[in-house]
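> Mind having a look at this structure? Questions to follow.
Computed from the coordinates by the stated procedures, all read-outs in this text should not be read as laboratory data. If you're wondering where the values come from, they're calculated on a predicted model, not measured in any experiment. Methodologically, a virtual Cβ is constructed for each residue, glycine included, from the backbone with ideal geometry; neighbour enumeration extends over all protein chains shown.
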Amino acid sequence: MTIMAGTWMIPGIGKVVVTGGAILVGGIALYKVSSETASKVKSWLIARAEAKEYESAKEKGTKTKNHSTETGSRLNKTGKKYSSKDLKDKNGKLKQRRYYDKNGNAELDIDYSHGGVGHKFPHRYYWKKPGKVRD
Amino acid sequence: MNFQELIDEIKIGREVEFVYNDKHYSITTYEKEWKIYCDDTKEELLNVLKSKENNLLINELVNFSIDKRLLKDIFDKKEYEKDSLYIL
């Protein structure tokens with residue numbers, strides 16, 4: 001995971017600047033602020049980095065870092081947060097890639113192959129209600 | 001998977017494919033319609049407009065038959081090829 005350089009306003013903390021070599025909280029180096037504040041800042045930055053990596057993978061259709069594969073008949077409606085999962089058929093052919101959001105609910109499917117007429121592959125389905133209603 | 005489980009999955013918009021009597025069938029949605037299609041004969045067996053909770057499709061599925069066999073029986077008696085079923 002990559003903590004991106006930049007400047008953010010973190011609720012309850014204030015202005016945080018991440019540079020190549022340091023993290024500044026209100027102009028003070030992270031190691032000089034209280035451990036509670038430092039912990040909140042680290043958690044916020046890590047959560048943001050996770051979310052950014054997940055969104056990037058989803059947009060590109062690539063695997064997330066905690067990606068997994070299944071060969072059963074279907075993928076679950078819930079999974080690990082910020083993850084992707086592939087469904088492959090018995091011959092190893094990719095049928096579907098699913099993305100699970102910050103709450104672990106299915107929010108996007110990319111279908112790579114299935115029967116029917118009129119479809120172009122791959123194509124995307126966004127879950128109208130993540131983990132509940134697909135389309 | 002029995003027929004009621006199939007209906008529950010379709011109700012939330014999931015697509016289905018399976019093999020029965022050595023033929024591949026799919027229940028898929030494309031644009032504003034649901035279709036049941038035989039991928040081997042290239043025959044469109046059913047075409048229904050999308051509706052709230054896919055009720056129009058589900059109403060049709062209750063009495064829908066393949067080779068004179070009710071879809072309900074195919075699923076309740078697990079007559080489809082076990083490894084061929086996919087819920088997408």
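> Take residue A:85 and decide whether it is assigned to a strand (DSSP E or B), in contact with a Gly (Cβ under 7 Å, 6 or more places away or on another chain), without any contact (Cβ under 8 Å) to a residue 24 or more places away in the chain and closer than 22 Å to residue B:12 by Cα. Talk me through it step by step, then tell me what you get.
Details: assigned to a strand (DSSP E or B): yes; in contact with a Gly (Cβ under 7 Å, 6 or more places away or on another chain): yes; without any contact (Cβ under 8 Å) to a residue 24 or more places away in the chain: yes; closer than 22 Å to residue B:12 by Cα: yes.
Judged against the criteria, residue A:85 is a match.
> Test residue A:19 against the criterion of being of a type in the set (Ser, Thr, Tyr) and under 22 Å from the mean Cα position of the chain (by Cα), and give yes or no.
No; evaluated as a whole, the condition is false for this residue.
> What pairs come up if the first residue lies in region B:69-88 and is closer than 15 Å to residue A:72 by Cα, the second is assigned to a helix (DSSP H, G or I), and their beta carbons are under 8 Å apart, counting only those six or more places apart or on different chains?
From region B:69-88, the pairs are B:87/B:9.
> Cβ-Cβ below 6 Å, separation at least six or inter-chain, first residue in region A:96-117 and within 13 Å of another protein chain (Cβ to nearest Cβ), second β-branched (Val, Ile, Thr): which pairs?
Hits for this filter: A:97/A:110; A:105/A:78; A:116/B:28.
> Return the residues of region B:11-25 that are of a type outside the set (Phe, Trp, Tyr) and either crowded, with 21+ Cβ neighbours inside 10 Å or more than 16 Å from residue B:71 (Cβ to Cβ) (or both); say none if nothing qualifies.
Within region B:11-25, B:12, B:13, B:14, B:15, B:16, B:17, B:22 meet the criteria.
> Right, here's the next one. Which one of the conditions (1) away from chain A (no Cβ under 11 Å); (2) over 22 Å from residue A:112 (Cα atoms); (3) touching a residue at least 60 places away in the same chain (Cβ under 8 Å) does residue B:8 fail to meet, given that it meets all the rest?
For residue B:8, the failing item is (3).
> Search region A:5-16 for residues being under 24 Å from the mean Cα position of the chain (by Cα) and exposed (fewer than 11 other Cβ atoms within 10 Å of the Cβ), and hand back the single one that is farthest from residue A:52 (Cα to Cα).
Top of the filtered list is A:11.
> Another question about this same structure. Return the pairs, sorted by first residue and then second, in which the second residue is of a type in the set (D, E, K, R), the first residue lies in region B:21-37 and is farther than 9 Å from residue A:116 by Cα, the beta carbons are less than 7 Å apart, and the residues are 6+ apart or on different chains.
Within 7 Å, the pairs are B:21/B:67; B:23/B:40; B:24/B:17; B:24/B:39; B:24/B:40; B:32/B:50; B:33/B:50; B:34/B:50.
> Still on this structure, please answer the following. Taking region B:20-33 as the search range and keeping residues that are in a strand (DSSP E or B) and more than 10 Å from chain A (Cβ to nearest Cβ), which one is farthest from residue A:133 (Cα to Cα)?
Taking region B:20-33 and keeping what is in a strand (DSSP E or B), we get B:20, B:23-30, B:33.
Those still in the list that are more than 10 Å from chain A (Cβ to nearest Cβ) too: B:20, B:23.
Values: B:20: 27, B:23: 29 Å.
So the residue we want is B:23.
> Out of region A:113-135, which residues are aromatic (Phe, Trp, Tyr), under 20 Å from the mean Cα position of the chain (by Cα) and assigned to a loop (DSSP other than H, G, I, E, B)?
A:127
> Within region B:34-53, how many residues turn out to be more than 9 Å from chain A (Cβ to nearest Cβ) and closer than 20 Å to residue A:133 by Cβ?
Here the count works out to 5.
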